[in-house]
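First comes the structure, then the notes that go with it.
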Amino acid sequence: MTEFKTLSKTEIEELIERVERAIAEDLALSKADMQLLLGVLLMVTELQISLSLKDVTIHKLRKLAGIISSSEKHSAVIPDGDASNDSDGTQKSDAATSKPDGNSESTASGKPKKKPSTQKAERVIRLQCHHNHDELKAGQLCPECGHGRLYIYQPVIRVRIQGEPPLSAVEHIFERLRCNSCGAYFTATPTDDFQQDGGMNQLYGYSARAIIALHRHFAGLPLHRQQTLQQILGVPLTASSLYDQTESVANDGFVVFKALKQLAADAPHFNLDDTPNRILNQGTILKPDRRSGQLKPRSGTFTSGLIATLESGQQIVLYQTDIGHAGELIDEILRLRHPGLAKPTIMCDALSRNLPTVLDETQRHDTFCNSHCRRGFVDVAELHPDKVPWVLELYGQVWHHDTHCKKQKYTPAERLAYHQQHSLPLMAQLKQWGETQIESGDVEENSSLGKAIRYLLNHYDKLTAFCRIEGAQIDNNIMERMLKLVIRGRRNSLFFRTLGGAGVADVILSLVATCYLAGVNPFDYLVALQRYAHQVNRHPELWFPWNYQQTLASLSAPLKAAA
């Protein structure tokens, strides 16, 4: 969420006056004024996108405008409370579970102070420079005492983080000899580093293409901005040339992308969600309805995301940007599924457009996201301070139990039994409370709180699926985090020009996000896919992010043996 500065009426009037003066007198605005105008432009853009969804409340508009905090943490929603829930409701301390009766207050224990993380990021040293003594050598007499002999001792190591342009041009000069009799030419052999980064006549190395793709589709840096950055750093490159390099990376990785789709089809668990996007050259199309088959005009463009969790625990992330929703992406994937497999478990929100139609409800397990349900209560917390804090504290304990299972590394069966014993009674308590509130008339069913309660009651069975189905997740937060990569790019570059450009983004981002969840360096992975493109095309199943390093080791083993 972009943060916007709140301006007083006087400040707004003064800003308008300065802008009008600048227009009238052909003057340049100050940097501070341009920053304010940029903030206004970003806010209007986000409001337009949100209003186009036609599902925006006043509370959400206040969040988008930066008037109130967008955080869903318990401390932000209930400032006066002491319970320590994180953004998804996870509670660090046990909260009282007594129902609110108007006279009682929460008895949650005090919020413990978070300990700083002791985990350090792994440092990878790609280059070592050795500094030798110019005058002293091992075996010489000591210049200090004149009696002892010098010997090699433990070196002094200093790490220097150096800066350089993202892309730099290196001129390689190959010595060439010519026979004065026959005229034959003899050119020096390129070094191994040169050959590993591309062909003899290749202008852009594999490493350059990989870093361009990562900057564009992971960091969200638009190509025209990369062009400007390279220009001011002395290595000018055009945006069109940069796009050509990202397309080359996508072409080399496309065969792996297709193989990942096929592999994902047989996964036992799927996470689904989508987010709006924009393709300039994509107009309204006729598309058959998934249930009736009737052709309907469609124009809404979305980027759909899917995470398939395999039996081995590996996770595959797939993106698809087109006129369609996440339900259409999962239908495409499930059509590739081999028959006879167990029912897949599908985690998404309660929107029917995100559910598959290839498999009916008897052929799949539907589970709904509890974070979406909790968010309905978060949005009305300040309107109902006597009821909502208790709901959030009770809900928080459910996430606390799920966190406990992860820390203890329970098996799916052990986790299911633990939730049935500890979380299911809490969910039943929430359901009973909600039914009482509606039936007694204490809460109007069509009010904002009533709608949040009705959402809980209507989808209770699928919200509590994690208490009935082994491996079912409690929320869809992991998919929402992966969609943040798409949102980052959308906020920086706003749109794709063509469907082809969106397809390039889908392939690269799918590979990078899968690397991210597998704990694999995406830069090294993209370089390897380009370097061994012929082997990748023949056997893409050997070049998945989690097994490509073993494939590289097997390729280098014969070379080492020959040496």
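Express the relative contact order of region 449-563 as a whole percentage, based on alpha carbon pairs under 8 Å and six or more residues apart in sequence. Walk me through the intermediate numbers first.
On the way: 32 pairs, mean separation 14.8, N = 115.
RCO, region 449-563: 13 percent.
How much accessible surface does Cys182 have with a 1.4 Å probe, in Å² rounded to 10?
100 Å²
Please find the FRET efficiency linking Asp386 to Asp461, where r is the Cβ-Cβ separation and R0 is fixed at 25 Å, and quote it to the nearest 0.05. Don't skip to the answer; put the middle values down first.
Working: r = 29 Å, r/R0 = 1.14.
The calculated FRET efficiency here is 0.30.
Across region 391-407, in residue order, what do the Karplus-derived ³J(HN,Hα) couplings come to in whole Hz, using 6.51 cos²θ - 1.76 cosθ + 1.60 with θ = phi - 60° and x for Gly and Pro?
Using θ = phi - 60°, the values come out as 4, 5, 5, 5, 4, x, 5, 5, 5, 4, 5, 5, 5, 4, 4, 5, 5 Hz.
Can you check what the Kirkwood hydrodynamic radius comes to for region 385-473, Cα pairs only, in Å to one decimal? Please report the intermediate quantities before stating the final value.
Details: mean 1/r = 0.0719 Å⁻¹.
That comes to 13.9 Å for region 385-473.
Give me the Kirkwood hydrodynamic radius of region 203-269 in Å, from all C-alpha pairs, to one decimal place?
Working: mean 1/r = 0.0752 Å⁻¹.
Across region 203-269, the inverse of the average 1/r is 13.3 Å.
Counting pairs of alpha carbon atoms under 8 Å apart in space and at least six apart in sequence, what relative contact order in percent does region 348-466 give? Show your work: numbers first, answer last.
Values: 84 pairs, mean separation 39.3, N = 119.
About 33 percent, as a whole number.
As a test question: what accessible area, to the nearest 10 Å², does Asp266 have when a 1.4 Å probe is rolled over all protein chains in place?
Roll a 1.4 Å probe over it and Asp266 shows about 50 Å².
Given an 8 Å cut-off on Cα distances and at least 6 residues of separation, report the relative contact order of region 309-380 as a percent. Mind showing how you got there, number by number?
Working: 52 pairs, mean separation 21.2, N = 72.
Dividing the mean separation by the residue count of region 309-380 yields 29 percent.
Would you compute, for the Cα atoms of region 192-336, the largest minus smallest coordinate along each principal axis and list the three values in descending order, in whole Å?
So the extents along the principal axes, rounded to whole Å, are 57, 40, 24.
Provide Rg and Dmax in Å for region 417-563, with only Cα atoms included in the calculation.
Gyration radius and largest Cα-Cα distance of region 417-563: 24.5, 83 Å.
Quick check for me: using +1 on Lys/Arg Cβ and -1 on Asp/Glu Cβ, what's the dipole size of region 219-358 about its Cα centre, in debye to the nearest 20? Let's see the in-between values first.
Values: 13 positive and 13 negative charges, 82 e Å.
Computed about the Cα centre, the dipole is about 400 debye.
Just going by the charge dipole of region 414-547, with Lys and Arg at +1 and Asp and Glu at -1 on Cβ, which of Gly519, Thr498, Gln421 is farthest out on the positive end?
Value: Thr498.
The values are calculated or read from the model by the stated rules, or taken from the named source; none is laboratory data. Predicted model, so just to flag it, every value in this text is computed and none were measured. We place every Cβ from the backbone using ideal geometry, glycine too, and count neighbours over all the protein chains shown. SASA here: full protein model, heavy atoms, side chains in, ligands and nucleic acids out. Shrake-Rupley method; radii C 1.70, N 1.55, O 1.52, S 1.80 Å.
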